[in-house]
1. Inter-copy label distances at A:Thr10, 7 Å along the Cα→beta-carbon direction, one decimal in nm, shortest first?
2. Under Stokes-Einstein, with the Kirkwood radius over Cα pairs standing in for Rh, what whole-number D in µm²/s applies to chain B at 37 °C and 0.692 mPa s?
3. Can you give the alpha-carbon Rg of the protein assembly as shown over 2.2 N^0.38 Å, where N counts its residues?
4. Between copies, how close do the B:Phe34 label points come, placed 7 Å along Cα→Cβ, listed in nm from shortest?
5. Which value in deg cm²/dmol, rounded to the nearest 500, describes the helix-derived mean residue ellipticity at 222 nm for chain B, given -39,500 (n - 2.57) per DSSP H run of n ≥ 4 and division by the residue count?
6. Copy-to-copy spacing for A:Lys86, label 7 Å out on the Cα-to-C-beta vector, in nm, shortest first?
There are 2 protein chains.
Amino acid sequence: MGASKIDGFTPAQLHLAEYAHALGHPARIAILQFLAQRRRCLCGDIVDGLPLSQATISQHLKALRQAGLIKGHNDGPSVHYSINEKIWNRARMALGNLFLHCTPSETQETSAVVMHSPN
Amino acid sequence: MGASKIDGFTPAQLHLAEYAHALGHPARIAILQFLAQRRRCLCGDIVDGLPLSQATISQHLKALRQAGLIKGHNDGPSVHYSINEKIWNRARMALGNLFLHCTPSETQETSAVVMHSPN
DNA sequence: TGGTTAGATCGTAATAATACGATTTATCTG
DNA sequence: CAGATAAATCGTATTATTACGATCTAACCA
């Protein structure tokens, strides 16, 4: 894409867009669901589980890592990936916030709950 | 980007990625927040409110419309835009679902609430 | 009808994203 | 050390995105 204009938007808007952007590809959704199922898994497990090459998976993992949503832990030649709960919760809250403030009608109370700090 | 591979992913994953992708730009976040504030507003209002050209705003509106998140209502020469609650709720649920199933620990009950059908 | 206004669309330049083969890097093992 | 394995990175072709000026379209008004 052309580079997005960044000035004129709030940090909150930029962060929210960054999180959503990281979620904006089916492979990255699948990777996150994969990580959630196994709680912690090798990069190779993901490669085996998805219809994409090792290089492409690695690229998507990098994108998720750069957004902060996942983290990797080196274990010999392999890497264990897992969801980064801290940033994950931030993303959850940011999106909950968006839906809270952008959803009209009585659904607001329902959405509101997602915003409460879980810890 | 290169065209994303689509086969091998579930419809749910594809929809989720589509919604997230639509939210993955600060201008589109700002537009949605703008629409939520005024509940219904002219395209020109958005153009005045954001640091982007009319052509660019129109392009972002098109992206949001194609994802189904907003709808436009013609009123003479102007167009009133508003959030499409039906699809908006679908997006909210889909994202709530993702966070529900991907978030470890005790935050699950909290996230779960967002999934309940509001109506 | 002629002019004005609101938005969409066109054309296009610049840049980012996607995908994958090939290669590199790093770690373990014999 | 030599070979094997895991994952990252490189190189690159293709396509999408972003942004904006310019133009087109449609609806309104005098």
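1. A:Thr10 label point versus its equivalents elsewhere: 3.5 nm.
2. 208 µm²/s
3. Working it through for the protein assembly as shown, the quotient is 1.03.
4. List, nearest first: 3.9 nm.
5. When only DSSP H runs of four or more count, the value is -18000 deg cm²/dmol.
6. The answer, with the shortest distance listed first, is 4.4 nm.
Since every read-out is calculated from the coordinates, none of them should be taken as a lab result. Computed from a prediction, not measured in an experiment: that's the story for all the values here. Positions of Cβ are backbone-derived with ideal geometry, glycine not excepted, and every protein chain shown enters the neighbour counts.
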